[in-house]
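Structure record follows, encoded as structure tokens.
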Amino acid sequence: MQLAGKVAVVTGGANGIGKALCERFHAEGAAKVVVVDLEEDNARRVAEAIDGDAYGVDVRDEAQVAAMVKDVEQRLGRIDLFCSNAGIIAGDGEPWWATSAPNSTWQAMWDIHVMSHVYAARACLPAMIECGEGYFLNTASAAGLLNQVGDAAYSTTKHAAIGFAEALAITHGDDGIKVSVLCPQAVATRMIGDNKDGGTAGVDGVISAEDVAQAVIEGLDTEQFLILPHREVADYRANKAESYDRWLGGMRKLRRKYGNPKLS
């Protein structure tokens with residue numbers, strides 16, 4: 001996909017990766033970039049800078065997502081690219097078991113990392129299928145292919161996000177629907193907070209949101225399913241497939257060295 005002349009919607013577009021995507025899509029000549037975020041004021045600031053549109057939407061609420069999609073389609077005629085990018089992170093918390101995070105965290109992760117992708121696709125597919133084309137870019141994480149030490153809820157829901165993206169690609173490829181899933185490691189956004197080295201996700205370095213946007217442009221150009229801004233992830237994924245047990249041992253070693261708060 002080339003962005004020139006396209007209508008793109010980006011959720012989580014007010015900050016971090018989403019903001020970088022909005023800015024880059026505009027620079028690539030998109031006809032209109034729609035900035036969607038829970039933080040409506042910040043979404044408007046980003047939109048004003050790129051002559052875009054802004055919506056305040058809680059992506060956990062299907063009715064809000066559907067209403068936004070309907071309004072964009074009515075005003076702009078179509079959505080060519082829907083980037084389901086909103087995300088959160090929390091950590092397991094004390095006593096740092098895989099079950100430590102409260103149910104409220106698990107539910108929020110599920111709603112934002114999985115169901116928001118479902119809601120977006122459910123709202124966009126009818127018009128896309130009718131015109132025989134459309135593109136979904138779903139932000140997951142390298143944690144969805146590997147794992148995030150110290151955040152079981154994040155890792156689990158990011159795995160599920162990739163599973164849904166696969167289902168979209170398999171089920172609707174013959175309808176003209178393209179799907180890419182974005183899987184970075186550590187990115188210099190407010191999600192990593194004060195942990196400037198990115199923690200265990202940053203063992204291969206922390207890249208900028210603009211670097212991620214560049215990888216997205218390249219991935220959309222070739223219409224590849226997996227977009228990996230950190231190239232090392234492909235090797236880790238291959239190692240995991242070759243020997244699951246050895247890979248698990250390596251991840252336990254990584255946790256002992258960097259990611260176990262009780263040992264630090």
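Summary table below
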read-out: Any hit, segment 81-90, residues being over 17 Å from the mean Cα position of the chain (by Cα) and surrounded by 21 or more Cβ atoms within 10 Å (Cβ to Cβ); value: no
read-out: Selection status of I89, of a type outside the set (S, T, N, Q) and in a helix (DSSP H, G or I); value: no
read-out: Filtered residues of segment 10-63 (kept if under 13 Å from L81 (Cβ atoms), of a type in the set (F, W, Y) and in a strand (DSSP E or B)); value: none
read-out: Whichever residue in segment 209-233 is more than 15 Å from the chain's Cα centre (by Cα) and farther than 15 Å from S180 by Cα and, among such residues, is surrounded by the fewest Cβ atoms within 10 Å (Cβ to Cβ); value: R231
read-out: Test: residue in segment 242-262 that is at pLDDT below 95, within 24 Å of G16 (Cβ to Cβ) and of a type in the set (F, W, Y); value: yes
read-out: Hits in segment 72-122 (condition: in contact with a strand residue (DSSP E or B) (Cβ under 8 Å, 6 or more places away or on another chain) and acidic (D, E)); value: D80
read-out: Contacts under 8 angstrom Cβ, first residue in segment 173-196 being within 11 Å of S208 (Cα to Cα), partner modelled with pLDDT under 95 and of a type in the set (K, R), 6 or more apart; value: A188/K196
read-out: R75 over 21 Å from L220 (Cβ atoms) and either outside any loop (DSSP other than H, G, I, E, B) or under 17 Å from the mean Cα position of the chain (by Cα) (or both); value: yes
read-out: Residues satisfying the stated conditions in segment 64-78, i.e. within 13 Å of A120 (Cβ to Cβ) and of a type outside the set (D, E, K, R); value: Q64, V65, A66, A67, M68, V69, V72
read-out: Criterion violated by D58 - all others in (1) over 18 Å from the mean Cα position of the chain (by Cα); (2) within 22 Å of T157 (Cβ to Cβ); (3) surrounded by fewer than 17 Cβ atoms within 10 Å (Cβ to Cβ) satisfied; value: (1)
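Table: residues versus (1) touching a helix residue (DSSP H, G or I) at 6+ places or on another chain (Cβ under 7 Å); (2) closer than 26 Å to Q224 by Cα.
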position	(1), (2)
A20	yes, yes
A27	no, yes
V34	yes, yes
V46	yes, no
I79	yes, yes
A101	yes, no
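The values are calculated or read from the model by the stated rules, or taken from the named source; none is laboratory data. Since the model is a prediction, treat every value here as computed from it, not as a measurement. Cβ atoms come from the backbone with ideal geometry, glycine included; neighbour counts cover every protein chain shown.
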